[in-house]
Amino acid sequence: MGPKQRWYRNKPVIELRSLPEEELKFLEIGQLPTGDLYFFRYNQINSKLQTLQVLAGKDYVILPPEKDEFTPHIRWSTRYWPKPLPSMGLVKHVEWFLEACIDVEERHRFLLACFVLSTWLIDWLSVAPYIALVGLPQSGKSTSLKTLQLICRRGLITSDISSAAFYSACERLQPTLFIDEAATAGQQKALFHLLRSGSTRDSIVLRAGQSYRVFGAKVMSFRELPNDDALISRCVVIPMRESSRTCLKPQDVLLEANELRAQLLRYRFEFRPPDKIRGIHLLRARNRDLYSSLAFSLGEDFDSAKRL
């Protein structure tokens with residue numbers, strides 16, 4: 001038996017995911033200071049933005065997600081950047097933000113910045129990029145997860161997650177999922193299987209007569225790389241080390257993070273895909289998949305694409 005049909009003003013309520021993918025690219029869930037959720041809708045024809053409590057079609061309506069065990073812990077969009085953004089420079093802005101919060105090598109910080117942009121364009125991608133943060137305790141892995149959650153799209157952090165919660169959260173809300181110490185999860189074998197499945201858009205999970213999509217960008221932290229070559233091949237691996245810096249204060253950058261998220265939301269709505277992805281013929285298999293997703297997300301920032 002499927003879920004009970006809801007009604008709103010004599011029209012059936014359908015799930016947001018029921019809309020065509022082309023429409024989803026120009027929608028985002030926002031959150032008011034009260035905690036209530038609503039919609040941003042961008043009109044690509046006239047470049048106008050609407051904020052709506054309800055999306056109404058001719059024969060249906062779509063309501064924001066109902067409050068559940070996930071929604072209070074997801075970092076939703078809260079505002080939209082009011083000025084047009086240059087196509088270049090956003091990656092550099094993200095890099096500066098990351099540099100203020102976490103201590104990693106410059107090239108790894110750049111890869112993380114490219115990943116951040118890709119989370120805002122996940123509806124465009126056929127392969128979801130993954131990040132694996134690897135390091136000993138006190139090497140900054142948890143700080144990095146919290147920092148990335150501030151600026152990735154719909155960030156949700158967990159230190160353990162059941163299979164049922166995993167596919168339910170991914171199907172309903174498509175978060176950027178952060179899993180701290182993934183190798184110590186209570187259902188590691190099942191979790192790793194879902195992670196492997198969730199990197200490609202066409203993969204679904206079947207449970208009790210229902211189908212679930214677990215596709216989406218994900219970040220995992222490990223003390224050491226797990227013995228799972230198939231999972232690691234889907235990841236950009238970032239080595240972590242204990243920092244000697246004393247100025248790392250991610251709790252002091254919330255205002256800047258909110259401004260950057262507003263810019264990234266505008267980037268999502270105004271994104272124009274590149275004509276082609278340069279250099280892809282130089283790579284093989286998983287590296288090519290990861291590169292194509294990250295390079296695609298850079299749009300017309302060809303300098304960053306060349307650096308990537």
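Take the Cα pairs of the stretch 225-308, get the Kirkwood Rh, then feed it into Stokes-Einstein at 4 °C and 1.567 mPa s and tell me D in µm²/s. So the translational diffusion coefficient is about 81 µm²/s. Cross-link candidates for K141: which aspartates and glutamates have Cα within less than 16 Å, leaving aside residues fewer than 8 places away along the same chain? K141 reaches E99, D103, E105, D160, D180, E181, E224, E242.
Between L19 and E181, the simple label model (points 7 Å from Cα in the Cβ direction) yields a spacing of 4.0 nm. Inter-part distance, the stretch 143-216 to the stretch 264-308, computed on C-alpha centroids, equals 24 Å.
In units of the rule-of-thumb radius 2.2 N^0.38 Å, the stretch 1-135 shows an alpha carbon radius of gyration of 1.28. Just need log10 I(q)/I(0) for the stretch 150-196 at q = 0.26, 0.30 Å⁻¹, Debye formula, equal scatterers on the alpha-carbon atoms, no solvent, rounded to two decimals. The Debye formula, applied to the Cα set alone, gives -1.01, -1.23. Between R207 and V237, the simple label model (points 7 Å from Cα in the Cβ direction) yields a spacing of 3.0 nm.
Couplings for the stretch 64-76, taken from phi via the Karplus curve 6.51 cos²θ - 1.76 cosθ + 1.60 with θ = phi - 60°, read x, x, 6, 5, 9, 6, 9, 4, x, 9, 8, 8, 8 Hz in order; Gly and Pro are left as x.
Rounded to the nearest 20, the Cβ-based charge dipole of the chain about its Cα centre (Lys and Arg +1, Asp and Glu -1) stands at 520 debye. For the chain, the mean residue ellipticity at 222 nm estimated from helices alone is -10000 deg cm²/dmol, where every DSSP H run of n ≥ 4 contributes -39500 (n - 2.57) and the total is divided by all residues, rounded to the nearest 500. Report the accessible area of V116, computed with a 1.4 Å probe over the heavy atoms of all protein chains in place, in Å² rounded to the nearest 10. Accessible area of V116: about 0 Å². Rg of the Cα atoms in the stretch 95-225, relative to 2.2 N^0.38 Å, amounts to 1.03. Take every DSSP beta bridge whose two residues both sit in the stretch 152-266; close to 35 percent of them are antiparallel.
Radius of gyration over Kirkwood radius for the chain, both on Cα atoms: the Rg/Rh ratio is 0.95. Normalised by the number of residues in the stretch 211-308, the average gap of Cα pairs under 8 Å and 6 or more apart makes the relative contact order 26 percent.
For the stretch 70-120, the solvent-accessible area with a 1.4 angstrom probe is 41 square angstrom per residue. Placing a pseudo-label 7 Å from each Cα along the Cα-to-Cβ vector at E69 and W124 gives an inter-label distance of 3.5 nm. Distance cut-off 28 Å, Cα to Cα: go down the list K11/K67; K25/K306; K92/K189; K146/K276; K146/K189 and report the pairs above it. Over 28 Å Cα-Cα: K92/K189; K146/K276.
How big is the antiparallel share of DSSP beta bridges in the chain, given as a percent to the nearest 5? Just about 50 percent of them are antiparallel. Springs join every pair of Cα atoms under 10 Å in this Gaussian network model of the chain, and among D289, D36, D123 the largest mean-square fluctuation is at D36. Computed with a 1.4 Å probe over protein heavy atoms only, the accessible area of H73 comes to about 110 Å².
The values are calculated or read from the model by the stated rules, or taken from the named source; none is laboratory data. Being a predicted model, the structure only gives us computed values, none of them experimental. Don't worry about glycine lacking a Cβ; one is built from the backbone with ideal geometry, like all the others, and counts go over all protein chains shown. Quick note on the areas: whole protein, heavy atoms, side chains included, nothing else; ligands and nucleic acids left out. Shrake-Rupley method; radii C 1.70, N 1.55, O 1.52, S 1.80 Å.
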